[in-house]
C-alpha cells in the first residue's frame, strides 16, 4: 500500500517530528513509499537538519538494494555480509532449501559475532522455505552492521545439502 505524505503524522517534507512519533515513523518510513505532489512514488527517510529530525522524501524512487549471503554446501552459516548504513527489510529464499528456520549472527566490528536476540528471544524467521519472500522487521537488525545468515537456530543448526544463495533486501537508515 502506498502512503501519502499526509499519512505520516500529517507532516510535510522537511517538517519537524516529535520524539513520541519517532518509533512509528521509523517503522513506516523504512518500509513504506510516499507520493510527491505529482503522484510519483518516492521513499521517505529521516535526516537531522539544523538539529531537528525531519521527514525528507528521497528523489530516487525505491531505495531497496540487494546483497547476497551464501551458505556453503554442508554448512549452516553464511559468510559475513556488511550492511553498511542500511538495514535488512526482506529476504528472498533460494529455490532449493533444506527445511529450517533462519536466524542471524551479528556484529558491529565484523570480527566478534553472536546470535541475535530481539524482543527477549533469538530472532527467528520460522517461515523460511524454498522460493519464499520474507519481510523482516526493519528495527530488528538496525543496531548491527554485519550479519551472518544461519540455517536453523543457534543451538540446532541445519546443514544445507547444497550451496544456498539468499538474497538480502536492504534500505537506507
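Note on segment 145-158: residues that are in a loop (DSSP other than H, G, I, E, B), farther than 12 Å from residue 97 by Cβ and over 16 Å from the mean Cα position of the chain (by Cα) amount to 2. Screening segment 65-144 for strands (runs of 3 or more DSSP E) wholly inside it with 3 or more residues that are surrounded by 13 or more Cβ atoms within 10 Å (Cβ to Cβ) and in contact with a strand residue (DSSP E or B) (Cβ under 8 Å, 6 or more places away or on another chain) returns the ranges 65-71, 86-92, 102-107.
For segment 159-171, filtered to residues that are part of a strand (DSSP E or B) and crowded, with 17+ Cβ neighbours inside 10 Å, the residue that is farthest from the chain's Cα centre (by Cα) is 164.
Only one entry in 96, 119, 110, 114 is closer than 17 Å to residue 140 by Cβ, modelled with pLDDT of 95 or more and over 14 Å from the mean Cα position of the chain (by Cα), namely 114.
The values are calculated or read from the model by the stated rules, or taken from the named source; none is laboratory data. A quick note: this is a predicted structure, and the numbers were derived from the prediction, not measured. Please note: Cβ atoms are built from the backbone with ideal geometry, for glycine as well, and neighbour counts cover all protein chains shown.
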